[in-house]
Amino acid sequence: FDYLMLCRPNHQSIGDSIPEGKTLFSPNLSLILTDVTSYWQTYAAVYTSMRNTLINNKGVGGNTSAQILSRLSADVLSHSPRLVYLHASTNDYLGGGTPISLAARTANIQACSDAINAAGARGVLINAMYGTSTNSENPGLRDYMLDWWNNYRPSLTGEYATADIMQPLLSGGYMADALTQSYKIHPTPAGYALIGPYIAASLP
């Protein structure tokens, strides 16, 4: 812990409520150490041979890709990280009542990727959540996210790595009920325990 306090944060995550987790090193310092099990970063053992690999959390619940882009520089890049875990926001579909177009979503995320690279960092693009089959937003939410990941995301440039974190959670094309909270969109601790290692394994 001594060297972590003296060094810049090499690893930072930014996005919506999925990276936020309301836990260890959340942007809201009053929440420190309250619930480390609901936080994928707890389970992501990245580059274990190196020091200072703590993943500093800059997730904010409810953020869209446009909001993530607007605060990326101040909240993350100003700290000179080496690796940025960028969550593609579920709120592009859920926020504001009307989903943004897939083209606009792509443009926002490409702008984030460009900014990360321009700052001398590397970006890891992380997929959004679909929710369970019984989520009231489905199948629209799942279809929107699947269409973007499969047909728009490949046009992005500059990513160091990508992680489709739905893969370890899928059951019948949706998030497994046993790995999803009762409100049908956020993972349970068991779900986050699968997501963390999956992201770590996606890194070159």
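The values are calculated or read from the model by the stated rules, or taken from the named source; none is laboratory data. This is a predicted model, so every value here is computed, not measured. Don't worry about glycine lacking a Cβ; one is built from the backbone with ideal geometry, like all the others, and counts go over all protein chains shown. What goes into the accessible areas is simple: the full protein's heavy atoms, side chains included, and nothing from ligands, DNA or RNA. Shrake-Rupley method; radii C 1.70, N 1.55, O 1.52, S 1.80 Å.
A quick yes/no check of all residues on (1) part of a loop (DSSP other than H, G, I, E, B); (2) in contact with a Gly (Cβ under 6 Å, 6 or more places away or on another chain); (3) open to solvent by less than 30 Å² (accessible area, probe 1.4 Å):
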site	(1), (2), (3)
84	no, yes, yes
98	yes, no, no
148	no, no, yes
165	yes, no, yes
168	no, no, no
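Scanning region 100-122 for residues that are open to solvent by less than 60 Å² (accessible area, probe 1.4 Å) and polar (S, T, N, Q) yields 106, 108, 110, 113.
Filter region 123-146 for residues that are in a helix (DSSP H, G or I), in contact with a Pro (Cβ under 9 Å, 6 or more places away or on another chain) and open to solvent by 30 Å² or more (accessible area, probe 1.4 Å) and give the result. None - no residue of region 123-146 is in a helix (DSSP H, G or I), in contact with a Pro (Cβ under 9 Å, 6 or more places away or on another chain) and open to solvent by 30 Å² or more (accessible area, probe 1.4 Å), so the list stays empty.
Taking region 45-70 as the range and being within 15 Å of residue 113 (Cα to Cα), open to solvent by less than 30 Å² (accessible area, probe 1.4 Å) and of a type outside the set (S, T, N, Q) as the test, only 68 passes.
Would you confirm whether or not region 174-184 contains a residue that is assigned to a helix (DSSP H, G or I) and without any contact (Cβ under 8 Å) to a residue 24 or more places away in the chain? So far as region 174-184 goes, yes, one or more of its residues are assigned to a helix (DSSP H, G or I) and without any contact (Cβ under 8 Å) to a residue 24 or more places away in the chain.
From the list 161, 121, 176, 128, exactly one residue is farther than 17 Å from residue 87 by Cβ, touching a strand residue (DSSP E or B) at 6+ places or on another chain (Cβ under 8 Å) and not basic (Lys, Arg). Which is it? Give the derivation first.
Numbers: 161 fails: farther than 17 Å from residue 87 by Cβ; 121 fails: farther than 17 Å from residue 87 by Cβ; 128 fails: farther than 17 Å from residue 87 by Cβ.
Exactly one of 161, 121, 176, 128 is farther than 17 Å from residue 87 by Cβ, touching a strand residue (DSSP E or B) at 6+ places or on another chain (Cβ under 8 Å) and not basic (Lys, Arg), namely 176.
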